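K.L.:
Just dropping this structure here.
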Amino acid sequence: MIEQLQALQERALARLQEVAANEDLARFENWRVEFLGKKGELSTALRAMGSLSAAERPLVGQVVNDVRAALESAYTAAYAQCLAVVQLRQEESEALDVTLAGRTPFVGAEHPLQKVIRRIEEIFVGFGFTVEEGPEVELDYYNFEAMNFPKDHPARDMQDTFFVGPDLLLRTHTSPVQARTMEKRHPQVPVRIIAPGKTYRRDDDDATHSHAFSQVEGLVIDHGVRMSDLKGMLLAFARQMYGENQEVRLRPSFFPFTEPSAELDVRCIYCGGSGCNTCKQTGWIEILGCGMVHPNVLRMGGYDPAQVSGFAFGMGVERVAMLLYQVTDIRQFYLNDLRLLQQFVGLIR
Amino acid sequence: MKITWSWLGEYVDLSGLTPEQVAAGLTDAGIPVEWMEPFVTGVQGVVIGHVISAQPHPDADRLRVCEVDVGQEQHLTIVCGAPNVAALQKVPVAVVGSRLPGGPIGKSKLRGIVSEGMICSAGELGMPVRLMAKEQTDGILVLPDDAPIGKAIVEYLSFDDRVMELELTPNRSDCLSLRGVAYEVGAIFHRTVTMPQVTLQDVRANGPAVSLSAEIDTPHCSAYAAQAVTGLTIGVAPIWMQMRLLAVGVRPISNLVDITNYVMFEWGQPLHAFDYDTVSNGKLVVRQAFLGEQLTTLDGHERALTPEMTVIADAHHALGLAGVMGGANSEVTERTRTVAIESALFDPLQTRRTSRALQLRSEAGVRFEKGPDPAAVTSALARAVQLMCAYAGGEIASTPVMVGRDLREDAVQEREVTVSPARVAAFLGVAFTPDELHSVVQRLGFQAFDEGDIMRVRVPSRRFDIAIEEDMIEEFARLLGYDRIPATVMEGPLTPGKLTLRQSLRRELRQHLLAAGLQEVWTYALVSEQAAQKALIPSDHPLAHMGALQNPISEDRRLLRSTMLLPLLDVAQYNANRRMQDIRIFEIGTVFHPYRLPMDVQPAEMQVLAGVLTGHAYAPSAHGDARKLDFYDAKGMVEGLLQRTGIAGQVTWSRSQEPFLHAGRSVDISVGGIRIGLVGQLKSAVAKAYDLETVFYFELEMDALTALVKAELHVTELPRFPSVERDLALVAPRDMPVQTLLDAVWGHGGTELREVTVFDVYTGERIDSAHKSVALRLHFWHMERTLTDDEVARYMEQVLAAAATFGVSLRG
Ligand SMILES: [Zn+2]
């Protein structure tokens, strides 16, 4: 009996191999019914056990179980293997050209000037600043007078102005937001604001001049603000904006609304300071104008210069963008050629 | 402001310094040297020659064969084509082996005669010919008779002098003179400044004397000084003076005029010379012009004067515009023998307005506008008299005349500025020592007196930019070096940095549109006069009422945009003309709505989020499912924005009447009866005007959105009981807006109706042409229990009954 069972196992396994070689899943079921089904050979063998002696029965029973387990395990493995092959063949037949582009969505990019403004905003918001805005059609008072440009003063020549009405003009800088902020906040301190916005000057448009451009203004007023704080703040800004190891340098300058006034240079971001065409071999690049708020400006804003002091700074957004992205013609920012603007799609910061 | 190295060296000790060092020092101190270069470059080996003879060339009518002595043993034979060459002239000679800006000079054969070099014109030498007299530039350059034979021309004409262009900030107009720059260089490099020692002199005993007097009859002149000089021979100024003037960009004219210009550059004080014989009775009056008075100025233009302008006049008529330009009637000519030299202080404002009104800009005007140093007025006059005596054969012919404020040098008040060293330290964040502060004061040529804890600094009148303590703080900082200021961390309370709701919303919506595949653009706020017309906006439409610039730079940039439509369509057109098909752009920009025209108050400035879409709905691919954008894509884009803002549910939509939009495919977006935006297809005529085909425009007012925006959210509990869905297939009149139907459904669907979706709208063969079929799915649920079929059936009956009143029935 035992020999019969072992012969059965061998036969069944041999058949299974044949079935597997055919790679036909339907035949597996036939094999299962034939050998393992209720009316299959193994069941038949089991039924024949009734004729065995009580002593033989457990022994043979054990062998029957072993054979069943071996066949079932062989079946499972062979079936799985065959299934994988069959499925793979199916998938191959369904294969696509995966190198072909998908249904690519349109992707927009932030305008480079907006990107620069957002970066500057993020840095200063991180420093505890808020963002103020002001009108583009501005009163002469806020644009000039409150910024310590007396009427008919030659300093007004620095900023050729578009006029739209009596004492009404297109702001020539974002500085009037300083005046408006002081007027609104005085005598509260601290004041820590930046003011990005569009500005206008009566310039002919060329590669380096634009009648419309943008600035980011900054203003800090508090008790005991020092010029060294201005330097420290702008150094921190420069390191976030232009690189961890940046250095800054202040150079004397003039603005009617600050005293002392300075230009701030950073190490050339292209040559690191060794000198190149971008920095005209100086190793430094001017990035903004700044200074200590002029006492007249504080006074007109409602603050007492004997009690508080402050600093202010202003930078040209186009200039920063031209520097960062190597744009050589300022008009490109306003031409909005999609072939140029779409290059910014892949720029994360 | 241009200066030259040699000229500067007349007044300040430059020994041991190089021009490069001085340029760097000035730049670091806040007087940037924009560029520095030799007066004339490219000349080498050119020497002064003496023309011994000039004979006609035997074979060429226009050529002369010259024998020229250049100080060598042998005279040179030089063939010259210039008609003005003549024997006995001193001329620049480019000998063989020398070099001109145009290249090296060799022997050449001209019509059979070998020329051993070339006699040069000013142009060939690379001199600034546009500033030179025609006699000096036509033909060869003829040098003064006393020019030394054989001397290098580079040296004789100071070609190697270094010219520096200073970029002066408006506060440093003291440096509009060599004197000012000399003091600045002196302060930077601790050097002594020595100005020519001149004082006004009286007439020589028994010398020639004329009567000269002056009177000020206007508040716009604070002081007037003058002196007469006679015996003059009008000719050319010394060559060194001409070269210095040329180097700083001033046209040499005659010895007299050149001297006034030279002194103006030296002292910063503009001067004017009147032909004395044209001044009636030798009496000069400073007064305001009369109404209707005329004056022909030196440039030959007849000027209509107004009473706002100050003139110098005699008893009969105006002789010059104060501080702006002299009159032709009193001009110095070749025949002039006696002049009255004026040195005065005119009101800067007045001068500025006059030169603006007449559009006359001159070196003198620039200096008067900034206000010259009162202490230099008489020095400059004395210096001019001295030079006229030295270089024009003049002799003092009158007592110096001085009217108005006392201008004697010691009478001009010095300003006193009080400085607290403690405040300097607190203000800059660096503590300079008392010695350092004093050394700066001394270097500047100021004086300081210690008084307890403070310093009293006496500032000479030449530095009128220094008036308050902060001005002195800047002087300390810049002369001790801005590098001495450390970088410190600001003290004071922490402040939370944040964006306003409006700013945050702008960012959110921008990000939304970028992700939705729209490119952000930045356009100019100024548009052309024709812009509205191009977009078919009629002239009586509010959007056509745009504020105008009073002084536009071009007609293309004249009006303040009233709508983002105009600039965005320009961008679309620009890109369409460059074969871009899929143009999807947006901008958050400012539009200007004036209250009145012309504007007399600030207009309403509104921020608008606007976009233009044309081309495909999805980027075309190889997968054969390209589709052009349609109205519902554009509207969906806006609906996305409204969802993003959290106000989609509050919005009502109604047909738009905008003249530039397709009448049947455009919609106004309102909340609470107020329009906050619109979206629609552009009229085909508008699209065509911009070289576009089907194009959509949308805009939303940012302030309206900000006012409505949801900044907080409390979530609604989710239903715990199953919802019930019912579909309705309805037949509605074809032109009935689905919104009408939806309003009826929501109005009668009961409180448990939670959602209604339109999942199909059909018109076509399977339905008569007066109707359309609309398929709705209604979702009901109750928060506390399961709804029964009966309840839902009742709601559905109510809905159908309401719909029936609009002629809507169940589809059979
Ligand atoms: Zn560099």
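K.L.:
Which count do you get for residues in the stretch A:279-300 that are surrounded by 24 or more Cβ atoms within 10 Å (Cβ to Cβ) and part of a loop (DSSP other than H, G, I, E, B)?
P.N.:
1
K.L.:
Pairs please, first residue from the stretch A:57-77 and among the basic types (Lys, Arg), second anywhere and surrounded by 18 or more Cβ atoms within 10 Å (Cβ to Cβ), Cβ atoms under 7 Å, 6+ apart in sequence or on different chains.
P.N.:
Hits for this filter: A:Arg68/A:Leu42.
K.L.:
Based on this model, can you work out whether A:Val320 counts as within 16 Å of the ligand (Cβ to nearest atom), assigned by TED's automatic domain parsing to the domain that holds A:Tyr142 and in a helix (DSSP H, G or I)? Let's see the steps before the verdict.
P.N.:
Numbers: within 16 Å of the ligand (Cβ to nearest atom): yes; assigned by TED's automatic domain parsing to the domain that holds A:Tyr142: yes; in a helix (DSSP H, G or I): yes.
Yes.
K.L.:
So, A:Cys276, is that one within 16 Å of the ligand (Cβ to nearest atom), touching a Phe, Trp or Tyr at 6+ places or on another chain (Cβ under 6 Å) and not in a strand (DSSP E or B) or not?
P.N.:
On the way: within 16 Å of the ligand (Cβ to nearest atom): yes; touching a Phe, Trp or Tyr at 6+ places or on another chain (Cβ under 6 Å): yes; not in a strand (DSSP E or B): yes.
Criteria met by A:Cys276.
K.L.:
For the stretch A:213-251, name all the residues that are of a type in the set (S, T, N, Q) and closer than 22 Å to A:Ser175 by Cα.
P.N.:
Those that are of a type in the set (S, T, N, Q) and closer than 22 Å to A:Ser175 by Cα: A:Ser214, A:Gln215, A:Ser228.
K.L.:
Which of the residues belonging to the stretch B:141-186 are of a type outside the set (D, E, K, R) and within 14 Å of chain A (Cβ to nearest Cβ)?
P.N.:
Scanning the stretch B:141-186 gives B:Leu166, B:Leu168, B:Thr169, B:Pro170, B:Asn171, B:Ser173, B:Cys175, B:Leu176.
K.L.:
It is to be established whether one or more residues within the stretch A:166-178 are at pLDDT 95 or above, more than 7 Å from chain B (Cβ to nearest Cβ) and surrounded by fewer than 20 Cβ atoms within 10 Å (Cβ to Cβ).
P.N.:
no
K.L.:
Restricting the search to the stretch B:415-429, which residues are of a type in the set (A, V, I, L, M, F, W, C) and buried (at least 19 other Cβ atoms within 10 Å of the Cβ)?
P.N.:
Kept after step one, since they are of a type in the set (A, V, I, L, M, F, W, C), are these residues of the stretch B:415-429: B:417, B:419, B:422, B:424-428.
Within the stretch B:415-429, B:Val417, B:Val419, B:Val424, B:Phe427, B:Leu428 meet the criteria.
K.L.:
Also, quick follow-up: Pull out all pairs, ordered by first then second residue, where Cβ-Cβ is under 7 Å, the residues are six or more apart or on different chains, the first lies in the stretch B:330-353 and is farther than 21 Å from B:Gln386 by Cα and within 14 Å of another protein chain (Cβ to nearest Cβ), and the second is of a type in the set (Gly, Ala, Ser) and in a strand (DSSP E or B).
P.N.:
Once the first residue is farther than 21 Å from B:Gln386 by Cα and within 14 Å of another protein chain (Cβ to nearest Cβ) and sits in the stretch B:330-353, no partner that is of a type in the set (Gly, Ala, Ser) and in a strand (DSSP E or B) comes close enough.
K.L.:
Taking the stated definitions as given, is A:Cys290 within 19 Å of B:Thr27 (Cα to Cα), out of contact with any Ser or Thr (no Cβ under 6 Å at 6 or more places or on another chain) and within 16 Å of the ligand (Cβ to nearest atom)? Full working, then the answer.
P.N.:
Working: within 19 Å of B:Thr27 (Cα to Cα): yes; out of contact with any Ser or Thr (no Cβ under 6 Å at 6 or more places or on another chain): yes; within 16 Å of the ligand (Cβ to nearest atom): no.
Judged against the criteria, A:Cys290 is not a match.
K.L.:
Considering A:Ala312, A:Ala262, which residue is facing chain B (nearest Cβ under 9 Å), away from the ligand (no atom under 16 Å from the Cβ), touching a residue at least 12 places away in the same chain (Cβ under 8 Å) and among the hydrophobic types (A, V, I, L, M, F, W, C)?
P.N.:
Working: A:Ala312 fails: facing chain B (nearest Cβ under 9 Å).
The match here is A:Ala262.
K.L.:
For A:Ile194, all conditions in the list (1) out of contact with any Phe, Trp or Tyr (no Cβ under 6 Å at 6 or more places or on another chain); (2) more than 16 Å from the ligand (Cβ to nearest atom); (3) more than 8 Å from every other protein chain (Cβ to nearest Cβ) hold save one; what is the number of the exception?
P.N.:
Result: A:Ile194 passes all but (1).
K.L.:
Any residue in the stretch A:209-220 that is within 27 Å of the chain's Cα centre (by Cα) and among the acidic types (Asp, Glu)? Write out each step before concluding.
P.N.:
So in the stretch A:209-220, the residues within 27 Å of the chain's Cα centre (by Cα) come out as A:213-218.
Next, only the ones that are among the acidic types (Asp, Glu) stay: A:217.
The answer is yes; a qualifying residue exists.
K.L.:
Please go through the stretch B:561-607 and give me each residue that is within 27 Å of the chain's Cα centre (by Cα), in a strand (DSSP E or B), at the interface with chain A (Cβ under 7 Å from one of its Cβ atoms) and not β-branched (Val, Ile, Thr), ordered by number.
P.N.:
B:Phe592, B:Glu605
K.L.:
Across the stretch B:455-482, what is the total count of residues that are facing chain A (nearest Cβ under 7 Å) and of a type in the set (D, E, K, R)? If you could, list the steps in order and put the result at the bottom.
P.N.:
Pass one, the stretch B:455-482, residues facing chain A (nearest Cβ under 7 Å): B:468, B:470-471, B:473-474, B:477-478, B:482.
Narrowing further to those that are of a type in the set (D, E, K, R): B:470-471, B:474, B:478.
Residues flagged as facing chain A (nearest Cβ under 7 Å) and of a type in the set (D, E, K, R) within the stretch B:455-482 amount to 4.
K.L.:
Just the residues that are surrounded by 15 or more Cβ atoms within 10 Å (Cβ to Cβ) and at the interface with chain A (Cβ under 9 Å from one of its Cβ atoms), please, taken from the stretch B:496-506. Steps first, answer last, please.
P.N.:
Taking the stretch B:496-506 and keeping what is surrounded by 15 or more Cβ atoms within 10 Å (Cβ to Cβ), we get B:497, B:499, B:502-503, B:505-506.
Across the stretch B:496-506, the qualifying residues are B:Gly497, B:Leu499, B:Arg502, B:Gln503.
K.L.:
Check A:Leu235, A:Leu219, A:Leu250 and return the single one that is of a type in the set (A, V, I, L, M, F, W, C) and more than 7 Å from chain B (Cβ to nearest Cβ).
P.N.:
Values: A:Leu235 fails: more than 7 Å from chain B (Cβ to nearest Cβ); A:Leu250 fails: more than 7 Å from chain B (Cβ to nearest Cβ).
One residue alone meets the criteria, A:Leu219.
K.L.:
Same structure, new question: Among the listed residues A:Gln178, A:Gln188, A:Gln246, A:Gln215, identify the single one that is touching a strand residue (DSSP E or B) at 6+ places or on another chain (Cβ under 8 Å), of a type outside the set (Ser, Thr, Tyr) and in a loop (DSSP other than H, G, I, E, B).
P.N.:
Numbers: A:Gln178 fails: in a loop (DSSP other than H, G, I, E, B); A:Gln188 fails: touching a strand residue (DSSP E or B) at 6+ places or on another chain (Cβ under 8 Å); A:Gln215 fails: in a loop (DSSP other than H, G, I, E, B).
Within the list A:Gln178, A:Gln188, A:Gln246, A:Gln215, the selection yields A:Gln246.
K.L.:
Can you tell me which of (1) within 12 Å of chain A (Cβ to nearest Cβ); (2) under 22 Å from B:Tyr690 (Cα atoms) is the one B:Ala610 doesn't meet?
P.N.:
(1)
K.L.:
Are any residues in the stretch A:303-312 in contact with a helix residue (DSSP H, G or I) (Cβ under 6 Å, 6 or more places away or on another chain) and surrounded by fewer than 24 Cβ atoms within 10 Å (Cβ to Cβ), and if so, which ones?
P.N.:
Selection gives A:Pro305 alone.
K.L.:
To continue, here is another question. Can you tell me how many residues in the stretch A:315-343 are surrounded by 14 or more Cβ atoms within 10 Å (Cβ to Cβ) and at the interface with chain B (Cβ under 9 Å from one of its Cβ atoms)?
P.N.:
8
K.L.:
Another question, if that's okay. Count, please, the residues in the stretch B:242-291 that happen to be in a strand (DSSP E or B) and more than 32 Å from the chain's Cα centre (by Cα).
P.N.:
Within the stretch B:242-291, the subset in a strand (DSSP E or B) is B:271-275, B:283-288.
Then drop every residue that is not more than 32 Å from the chain's Cα centre (by Cα), which leaves B:273-275, B:283-288.
Summing the residues that are in a strand (DSSP E or B) and more than 32 Å from the chain's Cα centre (by Cα) in the stretch B:242-291 gives 9.
K.L.:
Quick check on this structure: which one of A:Met182, A:Met147 is buried (at least 23 other Cβ atoms within 10 Å of the Cβ), in contact (Cβ under 8 Å) with a residue 60 or more places away in the chain, among the hydrophobic types (A, V, I, L, M, F, W, C) and within 24 Å of B:Asp465 (Cα to Cα)? Working first, answer last.
P.N.:
On the way: A:Met182 fails: within 24 Å of B:Asp465 (Cα to Cα).
Selected residue: A:Met147, the only one of A:Met182, A:Met147 that is buried (at least 23 other Cβ atoms within 10 Å of the Cβ), in contact (Cβ under 8 Å) with a residue 60 or more places away in the chain, among the hydrophobic types (A, V, I, L, M, F, W, C) and within 24 Å of B:Asp465 (Cα to Cα).
The values are calculated or read from the model by the stated rules, or taken from the named source; none is laboratory data. Since this is a predicted model, take the numbers as computed values, not measurements. Note that we place each Cβ from the backbone using ideal geometry, even for glycine, and neighbour counts take in every protein chain shown.
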